[in-house]
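The values are calculated or read from the model by the stated rules, or taken from the named source; none is laboratory data. As the structure is a computational prediction, the values presented were derived from the model and not from experiment. Cβ placement follows ideal geometry from the backbone for every residue including glycine, while neighbour counts extend to all protein chains displayed. Ligands, DNA and RNA are stripped out before the accessible areas are found, and what is left, the full protein with its side chains, is counted by its heavy atoms. Shrake-Rupley method; radii C 1.70, N 1.55, O 1.52, S 1.80 Å.
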Amino acid sequence: MLFRRQPRDSSTSPRIFISYRRVDSEQYAYKLRDRLMGAFPRAQVFIDIHAILPGQDFPLKIAKAIRDTTVFLALIGSDWEGMESGGRRRRIDDERDFVHVEVATALELNAHVLPILIERADPPSPETLPLDVGMISRINARRLRHATFDSDFQIIVEDIRKILKAPKSPASKFPTELVGQWISTGMGDAILQYDFYSNGTYQHVGILRQQVQKGTFEMEVFHEGAATVSGSSITLEAFRATASRRHPDFSTEDYSDQPRRAETVSLTWRLQPRGGERFLVLGEGSAPAVVYRYFERPRSATRARQAPVAPAAPVGAGDTASGAMIDWFPLFSEERSARFNALTGWKLMSSPGETVVYLFDPQGSVHDVDISKIPKDGQFKSFQANGRLLPIEIGWYAGGVHDGILRDGTYGKYEVAAGYIGRWVNA
């Protein structure tokens, strides 16, 4: 059964979505549905997602049903996470799992979510859940037991009545202007990235790359959790955090995704549009604020490593150029070229005084790039070979002094000489 069709009056005819896992809470779900229809005679109850017909768009049907829902009841039984046989994989971790899709969609659409713990089921922990469903653990839950079903049910009914009387929530509690993927500028050999999602969660990755004797040293920290905005302050509460280290000179000390203590930090934030682009400024205490450039809207709360993003403004304009040591590199610098070669899989060969740069793709094919006609106006120029856009852009830089992370790990000024510079794009 899907919706029981009745004339709709939002003040007296709630639309109730019941999400449950059949293995541990099916009988409670159907009993709850029957009792809700008695308490709210004009209620429309969406309970059995399995009734969606084959060939219908499942995510679209779910989104439409939840978007029109007054209350989303999430029944959580002892096997809500859905541990499969063998105990090696949980169904809740599968983005195609019905319960995962339902809960993640409800949280993303900012529905009124009411978790209901069945019998003695423990509330889920955000540290062990996928990010897009983890926020359900932060919502105060009710309990539904067979022995006290009537009294438990009355508490749930009162909750629904309070929700009906409450003002309608905005489409999203999280500022829409913050939703997106933000990449740091002006961080020298480091790159920072924040992904903010409409359901009030975030992911952060910070990567430090430095050239050492045998190659590239890379240190990475990662954390994800809940993001709460209040005025010009944003609080980041990490659900989990990890760190990785790769050092070619001391490989025996390397580690990958090593757990770290999850912490809560408070930052100040402000948006700073400039030159047709969007920038986010994040500050923490007395430390220098970090400027992030908007890259794109994240598709979902999934972890992604981003290659360094080059500044869109002309080289040397504003503080975007202060990211030179990570966003772009001197074209005839062997050390810098080698570092980017390792990151992209392409190989660059260039010699001072030559007007042709040789670019080798990952398959070993060579492409000639003639730089003799590039004007010295600070603009990047793209190149094609055999109808294919090459993943490098080249421009002239007049030289300058910038702020960033120095080789000894301190923050200070460094000088970049005048000359042709390159940047990798879409490699």
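On region 205-259, 51 percent of the accessible area sits on carbon and sulfur atoms, based on a 1.4 Å probe. With the charge dipole of region 215-275 set up from +1 on Lys and Arg Cβ and -1 on Asp and Glu Cβ about the Cα centre, the Cα lying farthest toward the positive end among the listed residues Gly225, Phe239, Leu271 is that of Leu271. D by Stokes-Einstein for region 89-214, Kirkwood Rh over Cα pairs, 20 °C, 1.002 mPa s: 121 µm²/s. Scaling the Cα radius of gyration of region 137-279 by the globular reference 2.2 N^0.38 Å produces a ratio of 1.51.
Note on region 117-240: antiparallel DSSP beta bridges, both residues inside, total approximately 95 percent of the bridges counted.
Computed over region 166-261, relative contact order equals 18 percent, with contacts defined as Cα pairs under 8 Å that lie 6+ residues apart. Excluding ligands, DNA and RNA, the accessible surface per residue across region 188-307 is 50 Å² with a 1.4 Å probe.
Please say if region 73-128 is rounded, prolate or oblate, where rounded means a/c under 1.5 for a ≥ b ≥ c the square roots of the C-alpha gyration tensor eigenvalues, and otherwise the choice is prolate for a/b larger than b/c and oblate otherwise?
Oblate, because a/c is 1.5 or more while a/b does not exceed b/c.
Seen from all directions on average, region 357-400 presents a Cα convex hull projection of 3.7 nm².
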